[in-house]
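Student: Submitted below is the structure of interest, expressed as structure tokens.
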């Protein structure tokens, strides 16, 4: 007789949530949970890649439609990947791995770095960032504590 493996009960997130990136010194940033996107994307500017150290430095403006505060960060670049945006255009983006704090959980995710200045959200969390951690309720927002 086969025993069924008990599935862990997942908490729900809304289509928008407040998250943090402790390793990047971002205390709060509003994220759009986008299950249509596989990868996550963080809006940054001034991207500078140091190929010798394999590090990327960049500037983050965590508040939507605001130029302040400004957070400068440096992270290990784990890859450069072609990513197709929602408008169908493909571009090569640097990829970093960093800790995401969302609700009561803290875990590593991969983030692509891109200038999303014309987009509404500074951060898109793709399905790979929430898979096995949360269920997404598209009819709700801000279900988790800030």
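The values are calculated or read from the model by the stated rules, or taken from the named source; none is laboratory data. What you see is a predicted model; the values in this text were computed from it and never measured. Please note: Cβ atoms are built from the backbone with ideal geometry, for glycine as well, and neighbour counts cover all protein chains shown.
Student: Keeping to the range 109-146, report how many residues are within 14 Å of residue 20 (Cβ to Cβ) and under 10 Å from the mean Cα position of the chain (by Cα).
Tutor: Selection size over the range 109-146: 6.
Student: Can you tell me which residues in the range 42-84 are closer than 17 Å to residue 99 by Cα, modelled with pLDDT under 95 and assigned to a strand (DSSP E or B)?
Tutor: 43, 60, 71
Student: Additional query: What number of residues within the range 91-107 are on the phi > 0 side of the Ramachandran plot and part of a strand (DSSP E or B)? Write out each step before concluding.
Tutor: We begin by selecting, within the range 91-107, every residue on the phi > 0 side of the Ramachandran plot; these are 103.
In the following step, the residues that additionally are part of a strand (DSSP E or B) were identified as none.
Selection size over the range 91-107: 0.
Student: Which ones in the range 18-37 are closer than 17 Å to residue 108 by Cα and in a strand (DSSP E or B)? Break it down into steps so the answer makes sense when it comes.
Tutor: Taking the range 18-37 first, the residues closer than 17 Å to residue 108 by Cα are 18-29, 31, 33.
Within the range 18-37, 18, 19, 20, 21, 26, 27, 28, 29, 31, 33 meet the criteria.
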